[in-house]
1. Scan region 77-103 for residues that are basic (Lys, Arg) and surrounded by fewer than 18 Cβ atoms within 10 Å (Cβ to Cβ) and report the count.
2. Step by step: first the residues of region 46-69, then only those that are in contact (Cβ under 8 Å) with a residue 12 or more places away in the chain and assigned to a loop (DSSP other than H, G, I, E, B), then the one that is nearest to the chain's Cα centre (by Cα). Which residue is that?
3. Of the residues 222, 190, 180, only one is under 14 Å from residue 112 (Cβ atoms) and touching a Pro at 6+ places or on another chain (Cβ under 7 Å); which?
4. State which residue is modelled with the highest pLDDT when the search covers only region 233-260 and only residues that are of a type in the set (S, T, N, Q) and surrounded by 10 or more Cβ atoms within 10 Å (Cβ to Cβ).
5. Go through region 135-176 and count every residue that is of a type in the set (Phe, Trp, Tyr) and part of a loop (DSSP other than H, G, I, E, B).
6. Need the failing condition index for residue 74 against (1) part of a loop (DSSP other than H, G, I, E, B); (2) surrounded by 13 or more Cβ atoms within 10 Å (Cβ to Cβ); (3) of a type in the set (S, T, N, Q), just the number.
7. Right, residue 32: within 18 Å of residue 144 (Cα to Cα), of a type outside the set (Asp, Glu), loosely packed, with under 15 Cβ neighbours inside 10 Å and modelled with pLDDT under 95 or not?
8. Does residue 114 satisfy the criteria of being modelled with pLDDT of 95 or more, in contact with a helix residue (DSSP H, G or I) (Cβ under 8 Å, 6 or more places away or on another chain) and under 25 Å from residue 229 (Cα atoms)?
Amino acid sequence: MLYVGRKTHEAALSRGYVVVNYPNDMLEPMEIGQAIRGPARDAYAALVGHDAFSWGSIAAWAWGAHRAIDHMVSLPEIDAAQLAITGHSRNGKTALLAGALDPRCQVVNPAGSGCAGAGSYLVLGAGSEDLAALTSRERWWAWTAPGFEAFAGHEDTLPFDQHWLMALVAPRPLLRTEGTQDTWANPVGTSAAFLATQPVYDLLGAPEANTIHYRSGGHDHTEEDAGVFLDLCDATFCGKPMRNDLAHVLDGTPARERLFEWDAPRR
């Protein structure tokens, strides 16, 4: 299991999983309101001979996760067919992007990831982080690609929403773990994006692999979050019964609107 961040995942260790911590701030530091400059950008600039970066820190952190997995699968203690990735908040954003782009991640769990994570850009609950907040020059503008702030306040002009990214995980199991009072992470928008991802899982014959779990509480990575994630890992890797309560969305989640009538092909 790859844990994006420095937190010790005691629950996973107690169930017999090997846990590798990936301290992604060593690759790209996290300094609010600052232009981020770390080893990743220094190495890229030396390689190409200029400082024009087309990516932000989330992408750099995800790339680092892939390189960590390269090393993990070389270790005799690691079963390369049973890899999972998780992280919380900005590290949840990283876990989602890394898992979407690397099929070696057989279970993907972004926790409390919100804007630029498992939350919708278009469906925003009261008090949730939006693109204007995320890309503010006083906050975390360096996390996303240069120019992405142009969509702040104009989210309806985006050519995509985050269910496009989450659909890349399918048919592999994808679990969002969220707090119902974690308003900044947009729990309602995460429900909406979860529902919008479902047709792709249906098409690929894995409808139960698209999952979501809400607990009471705020912005934290809790033992309950870990327990649900590990239950899904046990079901995926060990054949244990799958929990049947991982598809309940929040009350008030807006229904998915269709621009035109369509349906997934029947297998």
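1. Of the residues in region 77-103, the ones basic (Lys, Arg) are 90, 93.
Now restrict to residues that are surrounded by fewer than 18 Cβ atoms within 10 Å (Cβ to Cβ): none.
Qualifying residue count, region 77-103: 0.
2. At the first step, the residues of region 46-69 found to be in contact (Cβ under 8 Å) with a residue 12 or more places away in the chain are 53-66, 68-69.
Still in the running and assigned to a loop (DSSP other than H, G, I, E, B): 53-56.
Working: 53: 22, 54: 20, 55: 17, 56: 15 Å.
The residue in question is 56.
3. Details: 222 fails: touching a Pro at 6+ places or on another chain (Cβ under 7 Å); 190 fails: touching a Pro at 6+ places or on another chain (Cβ under 7 Å).
One residue alone meets the criteria, 180.
4. Within region 233-260, the subset of a type in the set (S, T, N, Q) is 236, 244, 253.
Then drop every residue that is not surrounded by 10 or more Cβ atoms within 10 Å (Cβ to Cβ), which leaves 236, 253.
Numbers: 236: 98, 253: 84.
Of everything passing the filter in region 233-260, 236 is modelled with the highest pLDDT.
5. Just the residues of region 135-176 that are of a type in the set (Phe, Trp, Tyr), to begin with: 140-141, 143, 148, 151, 160, 164.
Now narrow it down to the ones that are part of a loop (DSSP other than H, G, I, E, B): 140, 160.
Selection size over region 135-176: 2.
6. Failed condition: (2).
7. Working: within 18 Å of residue 144 (Cα to Cα): yes; of a type outside the set (Asp, Glu): yes; loosely packed, with under 15 Cβ neighbours inside 10 Å: yes; modelled with pLDDT under 95: yes.
Against the criterion (within 18 Å of residue 144 (Cα to Cα), of a type outside the set (Asp, Glu), loosely packed, with under 15 Cβ neighbours inside 10 Å and modelled with pLDDT under 95), residue 32 qualifies.
8. On the way: modelled with pLDDT of 95 or more: yes; in contact with a helix residue (DSSP H, G or I) (Cβ under 8 Å, 6 or more places away or on another chain): yes; under 25 Å from residue 229 (Cα atoms): yes.
The answer is yes for residue 114.
The values are calculated or read from the model by the stated rules, or taken from the named source; none is laboratory data. Just so it is clear, the structure is predicted and the values come from calculations on it, not from any experiment. Every residue, glycine as well, gets a Cβ built from its backbone with ideal geometry; the counts of neighbours run over all protein chains shown.
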